[in-house]
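To start, the structure under review is shown below, and the notes come after it.
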Amino acid sequence: MTERSARDRATDAATVSAYRMGSLAARLMPGPVAAMAATSLGFGASFANAERREMIERHIRRVNPNLRGASVRVAVQQAFDSYARYYVESFRLPSLSKRTVDRAFSVDGFHHITDALELGNGCIFALPHLGGWEWAGRWMTDQGYRLTVVVEALEPPELFQWFADLRKELGMTVVPTGPQAGA
């Protein structure tokens, strides 16, 4: 294992601290204020990280090569806004009541899940990054279902652990991707 430089360790510590502080702030804010904060964060993040902005723009152009000029810039900004909303909403989840989560959640076709569970083998969900999947996980655990989630092992490891702890707080068992995931 390579020794990380003092600068890298400081950057990692600052990153984890920023997530922790953001989570605390999101939990303490009233919902409408948190929503406005997410919009501001998305806007700021789109300018603070040029490399990420360029990557998102490349992906958007792959999906829709006909987008040009302002349309591409709007789509890129919407991607940053969406991620900021995702983070703020996920950070707020532990502070929300079971009733609040239930009222904000809708389910279509849940019988597919209950039917599979009645067979005694469990179910596997494949959830793409199309929204706050932690909401679905929180809702499932609130309904009394056990849930194990296999998630990307983030870097630095302290950030992964922080997110794992957040998801555990929501009632989920967390397994990082990798060779040991199925063990």
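Read-outs throughout are calculated quantities, based only on the coordinates presented, and are distinct from any laboratory measurement. Because the structure is a prediction, the values reported are computed rather than measured.
Just 82, 46, 97 to compare: in a GNM of the chain, with alpha carbon springs under 10 Å, which one fluctuates most?
In this elastic network of the chain, the residue with the biggest mean-square fluctuation among 82, 46, 97 is 97.
Which translational diffusion coefficient, to the nearest whole µm²/s, is obtained for the range 1-95 from the Stokes-Einstein equation, given a Kirkwood hydrodynamic radius over C-alpha pairs, 25 °C and 0.890 mPa s?
D = 163 µm²/s.
Looking only at 157, 65, 94, which one moves most when the chain is put into a Gaussian network model with springs between Cα atoms under 10 Å?
Maximum fluctuation in the GNM of the chain, among the listed residues, is at 65.
Equivalent ellipsoid semi-axes for the chain, as square roots of 5 times the alpha carbon gyration tensor eigenvalues: give them largest first, rounded to whole Å.
Each semi-axis is √(5λ); the values are 29, 22, 20 Å.
Assuming a ≥ b ≥ c are the square roots of the Cα gyration tensor eigenvalues, decide whether the range 97-183 counts as rounded (a/c under 1.5), prolate (otherwise, with a/b larger than b/c) or oblate.
Taking the square roots of the gyration eigenvalues as a ≥ b ≥ c, the range 97-183 is oblate.
For the range 44-147, what does the equivalent ellipsoid look like in terms of its semi-axes, each the square root of 5 times an eigenvalue of the Cα gyration tensor, given largest first in whole Å?
They are 35, 18, 11 Å, listed largest first.
Please give the per residue volume of the convex hull enclosing the alpha carbon atoms of the range 99-141, rounded to a whole number of Å³.
Value for the range 99-141: 88 Å³ per residue.
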